[in-house]
Amino acid sequence: MAPEYLYDAKNQQMISSSINSRNGTISLLYGKDETLSSKRYSEGANYTLVTWKQKPMPGWYGTNMNSAIYSVETMSVQPGTNHQLNLRYQFKTGPSFDVKNTIPSAKERINFILTQPKAVQP
Amino acid sequence: MKNVSSFFYRRIFVLPAIIIVAFALLQLSASSFKNPVVTAEIQVPEEIKQILERSCYDCHSNQSQFEWFDKIVPASYLVAHDVEVGRSRFNFSEWDSNPPAVQEVLLWEMVNAIEQEKMPLERYTWLHPDRKVSKAELITLKRYVNTLSGRHKIDTAKIKRSVIQPVQVTTNHPIALNGISYTPAYKNWKVISVTDKYDGGSMRVVYGNDIMIKAIKEKKLPFPDGAMMAKLVWGKQRVDKEGNTFPGNFQNVQLMIKDSKKYSSTEGWGFARFDGLELKPYGKTAAFEKNCINCHRLLVPQNDFVFNIPTKPIK
């Protein structure tokens, strides 16, 4: 077993997952529960986007699953001056991030976090 | 002295004679497996059919062709048992008894059973070494399953977000036929794996409760009683221009609950599945859980019968 592949999102809940076949990665977007029902870009919102490298599932040819963590991106929306909101974004590399990989542009990633629809959970 | 030796000689010939006669009589009692009629044979390309016929048909079809040595008691009893069980799991001669989606899953399961050298059964290939599936044939089979329709299924339907509440709003959760109740508690559990199940065109997120997470962290197998998992399954939307695939419609939620006493007949795991936003319990009879454990038992016994735990890649 490989417990090092687990990510503890603490008090945040899963918003949605995504697969990127081009990069061979798989991701989960987490957010704090208060922000899940309201607008993504609102005061006090907190998000974590965890990305893992994919690997074939041992035991079942026909499924790819997460292996080592590739990156952990965090984003928060805080009150700023003049009733403006302040957006903080950070990209942290994980054990499977290779030096040859490029860090994506923050603007693109923020957009990815803000626009990703919520997965339907009953 | 003479008397003793004649008695001895009589013994030495009579005993084997009795054994031979008994053995011959036993053969008459042989439980010979019969070949029922072929109602709907599987339709696959010829090169695939040839592999299945040679290596699998003896136990998974109504066209079993065993050798003379398979028909000798007591071997014939073992053979008859394997044929009976093999046919009950799936039967290439009654292939339409399963809906198309299940047929596809079975074909993928076959590829996995061969890859892990679980099939054909070892006790069978030991006597019939020519029935083994070669590496090249396995590649052919893999190429074939990748052409099945589920492999490229895209969920293009508009995403349904909620069910219209029935007039009588109940707070009771749906209950599967084996007594396992749906629980929304998983939303506060931790995610243990995220998967792209490309064989059937779905993507999944698997949650584990505290007991499950603790066992994974301590690398403790078998999982302790009280361990629970919830797997959420969605269709896959079309890949966008950045290469991303997002979840489509919600398909089902599947639970696995560990209780070694209560679920002792299914290796200690209780299974349940709830379909669609209505969370309709899956299965026509409580025996549905046999289908779950049969596959888990065959392919992941080393992981306490769980597929979705974080594991190192196989080198």
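Using the C-alpha gyration tensor of region B:81-124, what are the square roots of 5 times its eigenvalues, in whole angstrom, with the largest one first?
For region B:81-124, the ellipsoid semi-axes come out as 19, 15, 6 Å.
If you take every residue apart from residue B:197 with its C-beta less than 11 Å away from the C-beta of residue B:197, what net charge results, scoring Lys and Arg +1 and Asp and Glu -1?
+3
Given a 10 angstrom Cα cut-off, can you work out which residue in B:235, B:270, B:226 is the most mobile in a GNM of chain B?
So, out of B:235, B:270, B:226, the one fluctuating most is B:226.
Helix-only mean residue ellipticity at 222 nm, chain B, DSSP H runs n ≥ 4 weighted -39,500 (n - 2.57), per residue, nearest 500. What is it?
Computed ellipticity for chain B at 222 nm equals -10500 deg cm²/dmol.
Averaged across the residues of B:194-206, what count of C-beta atoms belonging to other chains lies within 10 Å of each residue's C-beta?
6
Mind checking which lysines have their Cα closer than 18 Å to the Cα of residue B:280? Skip sequence neighbours fewer than 8 apart in that chain.
Within the straight-line cut-off, residue B:280 pairs with B:160, B:231.
Could you pull out every whole DSSP H run in chain B that spans at least 24 Å of Cα extent along its own axis and averages 1.0 or higher on the Kyte-Doolittle scale?
Span-like helices, by this rule, are B:2-28.
Let me confirm one metric for peptide A:63-72, namely the mean number of other chain beta-carbon atoms within 10 Å of its residues' beta-carbons.
That works out to 5 on average.
Can you compute the FRET efficiency between residue B:284 and residue A:111 using 1/(1 + (r/R0)^6), with r the Cβ-Cβ distance and R0 = 41 Å? Round to the nearest 0.05.
Computed FRET efficiency for residue B:284 and residue A:111: 0.30.
Name the residue from B:129, B:76, B:48 whose Cα lies farthest towards the positive end of the charge dipole of region B:46-150, charges +1 on Cβ of Lys and Arg and -1 on Cβ of Asp and Glu.
B:129
Does anyone have the angle between helix A:106-115 and the longest principal axis of chain A? Alpha-carbon axes, 0 to 90°, nearest 10?
Around 90 degrees separate the two axes.
Please give the direction-averaged projected area of the C-alpha convex hull for region B:155-303, in square nanometres with one decimal.
Averaged projected hull area, Cα only: 10.7 nm².
Within chain A, what is the number of lysine pairs with alpha carbons under 23 Å apart, leaving out pairs fewer than eight places apart on the same chain?
Lysine pairs satisfying the spacing and distance rule in chain A number 19.
Taking region B:38-133, which chymotrypsin sites (Phe, Trp or Tyr not before Pro) meet the DSSP loop condition and have no more than 14 other C-beta atoms within 10 Å?
B:126
For the full complex of protein chains and a 1.4 angstrom probe, list B:149, B:202 by accessible area with the highest value first.
B:149, B:202
Relative to the compact-globule scaling 2.2 N^0.38 Å, provide the ratio for the alpha-carbon radius of gyration of chain B.
Against the empirical 2.2 N^0.38 Å value, I get 1.31 for chain B.
Nearest 0.05, what FRET efficiency do residue B:89 and residue B:221 give at R0 = 35 Å with Cβ-Cβ as r?
Efficiency at R0 = 35 Å is approximately 0.85.
Set the Förster radius R0 to 22 Å, insert the Cβ-Cβ distance between residue B:81 and residue B:101 as r into 1/(1 + (r/R0)^6), and round the FRET efficiency to 0.05.
Efficiency for this residue pair is about 0.15.
Report the net charge of residues surrounding residue B:51, where surrounding means a beta-carbon distance below 14 angstrom and charges are Lys +1, Arg +1, Asp -1, Glu -1.
Summing Lys/Arg as +1 and Asp/Glu as -1 gives 0.
Quote the relative contact order of region A:3-115 in percent (integer), defining contacts as alpha-carbon pairs under 8 Å separated by 6+ residues.
20
As an exercise, identify the trypsin sites (Lys or Arg not before Pro) in region B:206-274 lying in DSSP coil whose Cβ has no more than 16 other Cβ atoms within 10 Å.
Passing sites in region B:206-274 are B:219, B:220, B:238, B:241, B:261, B:262.
Sticking to Cα atoms, compute the Rg of chain A to one decimal and its Dmax as the biggest Cα-Cα distance, whole number, in Å.
Cα only, chain A: 15.5, 57 Å (Rg, Dmax).
Pairs of alpha-carbon atoms within less than 8 angstrom and 6+ residues apart define the contacts here; what relative contact order does region B:46-150 have, in percent?
Relative contact order for region B:46-150 comes out at 31 percent.
Just counting partner chain Cβ atoms within 10 Å, what average do the residues of peptide A:5-14 show around their Cβ?
Mean inter-chain Cβ contacts per residue within 10 Å come to 4.
Pull up the cross-link candidates among the lysines for residue B:261, meaning alpha carbon to alpha carbon under 18 Å and not fewer than 8 places away within one chain.
B:290
Net charge near residue B:249, counting Lys/Arg +1 and Asp/Glu -1 over other residues with Cβ under 11 Å of its Cβ?
Residues close to residue B:249 contribute a combined charge of +3.
If packing is taken as the mean number of other Cβ atoms within 10 Å per residue, what is the order of A:57-66, B:38-47, A:73-82, A:11-20, highest first?
Per-residue Cβ counts within 10 Å, averaged per peptide and sorted highest first, yield A:57-66, A:11-20, A:73-82, B:38-47.
Could you work out the relative contact order of region B:37-89, using alpha carbon pairs under 8 angstrom and six or more residues apart, expressed as a whole percent?
Result for region B:37-89 is 36 percent.
The values are calculated or read from the model by the stated rules, or taken from the named source; none is laboratory data. These numbers were taken from a predicted model, which means no experiment stands behind them. A quick note on method: Cβ atoms are made from the backbone with ideal geometry, for glycine too, and the neighbour counts reach across all protein chains shown. Keep in mind that these areas ignore ligands, DNA and RNA; they rest on the heavy atoms of the full protein, side chains included. Shrake-Rupley method; radii C 1.70, N 1.55, O 1.52, S 1.80 Å.
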